[in-house]
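All of the numbers you see were taken from the coordinates with simple rules; none came from a lab. Keep in mind that what you see is a predicted model, and the values were worked out from it rather than measured. Cβ: placed from backbone, ideal geometry, glycine included. Neighbour counts: every protein chain shown.
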Amino acid sequence: MTDKAKRSRTHFNGSHHPIVDFWRREVGGISPRSFSDRFSASENMILRLEVYRKLAKHKGCVNTVSFNAHGDILVSGSDDRRVLLWDWELGNVKLSFHSGHSNNVFQAKFMPFSDDRTIVTCAADGMVRRASVLESGKVETVLLGLHQGPAHKLCIEPGNPHVFYTCGEDGLVQRFDLRTQAPTELFTCQAVNPRRRNMEAAQLNAIAMDPRNSNLLAVGGMDEYARLYDIRRLHGDGLSRAADHFAPPHLIGDLHVGITGLAFSEQSELLVSYNNEFIYLFTHGMGLGSNPMPSSESGDSKDSVPMAYKGHKNVETVKGVNFCGPRSEYVVSGSDCGRIFIWKKKSGELIRVMEGDRYVVNCIEPHPHIPVLASSGIENDIKVWTSKAAERATLPDNIEMQRKRKPRGWMYRVSSPQELLAQLFFLQNRSRFSEDREEGEASSSSTGRELLDLILNFNDDDDEHVSDDGGDGVSRDDFFS
C-alpha cells in the first residue's frame with residue numbers, strides 16, 4: 001500500500017473524519033466528550049464560520065466581550081461606560097447597567113461560581129470595580145481599587161470566585177480578593193533594557209494566568225519582554241524580579257515594539273502579540289531567565305525561536321490575542337484592516353480571514369464549549385460567529401490590506417494644535433454620556449462627528465504634501481476609534 005493510500009485510510013478510519021466520528025459516538029466507540037472536542041476542533045468548523053447574529057445596543061466602541069462559564073451569557077463593556085449582559089443566541093439584552101466608571105470600560109468578566117451575579121471591571125479611568133446583581137435585578141457597583149493611569153486588563157484566578165489580578169499603565173500589578181477590603185500591590189514592573197531606564201515603570205497592557213498553574217502570572221506592555229512571575233516567590237517589596245522573560249531573539253533591544261495582548265493555552269504555552277510585528281508562541285523552555293539581557297558570549301539556540309503567526313496588522317490599537325478550540329488548536333487575532341485572522345497553532349498556517357469590522361477588530365473571545373466566537377472592535381456592535389455556512393471558506397487572493405493612511409501606532413500621542421483641539425472636543429463630547437441618557441440623545445454622536453470633520457478639514461490641503469518621514473495629518477477616524 002502506498003503512503004498516500006495509508007494516509008487516506010487513516011484519515012477515514014482514524015480520528016478526524018466527522019462522519020466516522022459521529023458513527024463511532026453512536027455505537028459507543030468514543031465518548032460524547034471526545035466527540036464534542038473533535039467536533040469543535042475540526043478545521044471544517046473553522047472554515048464554515050460566519051456571522052450568526054449582531055448584538056447592537058452599545059453607543060460606543062465595544063472594548064471587551066466575555067462568556068460566562070456555561071456559555072449562554074455574554075458580557076460586554078464599551079466606551080459608553082455601560083456593561084451589558086446578552087442572551088447571544090436570541091440577541092436579547094438580559095441586563096444593562098452603568099459601570100460606575102468615568103471613562104471607557106476596557107475589561108469586564110464574570111467571577112466564577114457566582115451564579116453570574118458578580119462582574120469585575122477595569123477601565124481607562126484606572127478604576128477597578130465590582131458589580132453585584134441583586135435578587136431584585138438591580139445592580140450595585142463599588143470601587144475596589146485604583147491604578148494611576150488606564151487599567152487595560154484583568155485576569156481571574158482559575159476556579160476561584162474571589163481572586164483576580166489587574167495591570168495598568170502605571171506598571172503596577174494588583175491582587176484583589178473580594179473577601180477583603182483593599183487590594184494587594186504585588187509589584188511595579190520595571191524596565192529591563194538600560195536604554196529604557198528613563199521610564200519610571202514599564203507600562204502594562206496585558207495580563208494572563210496559566211490555567212494549569214495559578215501561581216504563574218504573565219504580564220506585557222511597553223517593551224519587548226513578556227514577563228512571567230511566580231506569585232509564591234514575590235518578595236513583598238513591590239520590586240520583585242520576574243522569574244522568566246520571553247521575547248523573540250530579533251526583537252531584543254528594539255525600542256519601537258511593545259506587547260498588546262497575552263494568552264495562555266491549555267498546554268501552558270504563552271501567546272504574545274506585538275504591535276507592528278507578529279504574534280509569537282513560547283513554551284517554558286524558551287524563557288530567557290530572570291536576567292534576560294543578552295551577553296556577548298551567548299547565542300540564540302534553535303529551540304529559543306518561537307512559532308510566528310503572520311498576516312494581520314497590529315498598529316492602531318491595543319489588541320488582544322487568543323486561542324480557540326477545546327485544546328487550543330487555533331490562534332485568533334483581530335487586525336487594523338477590520339478582519340479576523342485564524343491560524344493553526346502547531347504549524348502557523350493561516351487558514352481563515354473574515355471581515356469583522358469596518359475599521360479595526362480588537363477583541364475575539366471563544367465560547368467555552370462549542371465552536372462559537374464573539375468579536376468586537378471600533379463599531380458599536382458585537383458579532384457572534386457560528387459554523388453555519390453552507391460552503392467552506394477559502395483565503396482571499398489579496399490578504400494584504402489596502403491602507404487609506406499611514407499608520408500612526410498605538411503609542412501615538414497628539415503632536416499638533418489641530419490634533420489637540422480635536423482630541424479635546426472628543427473628550428468633551430464623550431463626557432456628556434450619563435447613566436440615564438435617553439435613547440434619542442444618541443444623535444449627539446453624529447453631530448460631534450460633523451463638527452470634528454469641520455475642525456479636521458483645516459488640514460485637508462496639507463495632508464497630500466506630508467512626506468513619509470514627517471507624519472500624517474489627523475483624521476476623523478483617529479478619534480472615533
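Each Lys or Arg adds one and each Asp or Glu takes one away; over the other residues whose Cβ falls under 10 Å from the Cβ of E269, this sums to -1. Its alpha carbons considered, segment 82-141 gives a radius of gyration followed by a Dmax of 11.5, 34 Å.
For segment 89-195, the list of trypsin sites (Lys or Arg not before Pro) that fall in a loop by DSSP and count at most 13 other C-beta atoms within 10 angstrom reads R117, K138, R179. The alpha carbon convex hull volume per residue for segment 86-235 rounds to 134 Å³. Mean projected area of the Cα convex hull of segment 47-122, taken over all directions, amounts to 5.4 nm². Of the GluC sites (Glu not before Pro) in segment 67-160, the ones in a loop by DSSP (not H, G, I, E or B) with at most 11 other beta carbons within 10 Å are E135.
Taking segment 371-391 and a reference point 7 angstrom along Cα→Cβ of V51, the backbone N atoms nearer than 18 Å belong to 372-391. What's the Cα-based Rg to Rh of segment 52-172, Rh via Kirkwood? For segment 52-172, the value is 0.94. In units of the rule-of-thumb radius 2.2 N^0.38 Å, segment 329-395 shows an alpha carbon radius of gyration of 1.08.
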